[in-house]
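Here the structure comes first, spelled out in structure tokens, and everything after it is commentary.
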Amino acid sequence: MSNVVDFVDVSTAGLESSPVAEALAGLRANEARYYKNKYDHEFVTSPADEAPDAVDRVTRILAEERDIVIASRPLEATDFVVDGLRMTYVFYESGLAINVMYSIEDGGKRAVGFKLSQGMDVPDELASKFKFARQRSKLAGEIRGSFFVIKGEY
């Protein structure tokens, strides 16, 4: 069942099994606010098992680009196109959020972003490969993030 993410009244619906559910909900709401303010786009997520194509897309790109396999269980996912960018998000039980930004036009921006919810440790599969910068968010507290540029075609 799809869910429009509300960034005014933040809810943990769909994320309850996460040990950092409140922070992950804030992170998800932070993303929803960004897309609403910048593109007037409603950020709609679905349970991961109802969005297997989105989860598989992120899983494949991580594996092929950097030999990364995420150990945590995916809870929610979304896949949409806005302003010439295909955006795919997966929110994991550990508190990790991964997004794939893929320009539809050849030569455009293509990257994978990682965001860690406040209170979670850096996952072992990412710890030795990335440094994480910190940013503050009214909705999510402290977010740590990193990214890499996608080299292949997907």
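Below 8 Å between Cα atoms, with a sequence gap of 6+, how large is the relative contact order for the stretch 27-104 in percent?
Once normalised by length, the contact order is 25 percent.
Can you grab the distance from the C-alpha centre of the stretch 5-74 to the C-alpha centre of the stretch 109-154, Å, no decimals?
13
With a 1.4 Å probe and all protein chains left in place, how much of the accessible area of the stretch 1-125 comes from carbon and sulfur atoms, in whole percent?
48
What is the distance, in nm, between label points placed 7 Å from the Cα along the Cα-to-Cβ direction at Glu64 and at Glu105?
Roughly 2.3 nm, to one decimal.
Please find the FRET efficiency linking Asp83 to Lys129, where r is the Cβ-Cβ separation and R0 is fixed at 25 Å, and quote it to the nearest 0.05.
0.30
Can you match semi-axes √(5λ) of the Cα gyration tensor in Å to one of these, [x] 25, 18, 16; [y] 21, 19, 15; [z] 43, 21, 12, based on a calculation from the structure here?
Checking each listed value against the structure points to [y].
Full-extension gain between Arg73 and Ser2, please, as 0.36 nm times their residue separation minus the C-alpha to C-alpha distance.
Between Arg73 and Ser2, full extension yields an extra 23.7 nm.
The values are calculated or read from the model by the stated rules, or taken from the named source; none is laboratory data. Small disclaimer: the values here were computed from a predicted structure and weren't measured. Using ideal geometry, Cβ is built from the backbone for each residue, glycine included, and neighbour counts are taken over all protein chains shown. Protein only, heavy atoms only, side chains kept; ligands, DNA and RNA dropped before computing areas. Shrake-Rupley method; radii C 1.70, N 1.55, O 1.52, S 1.80 Å.
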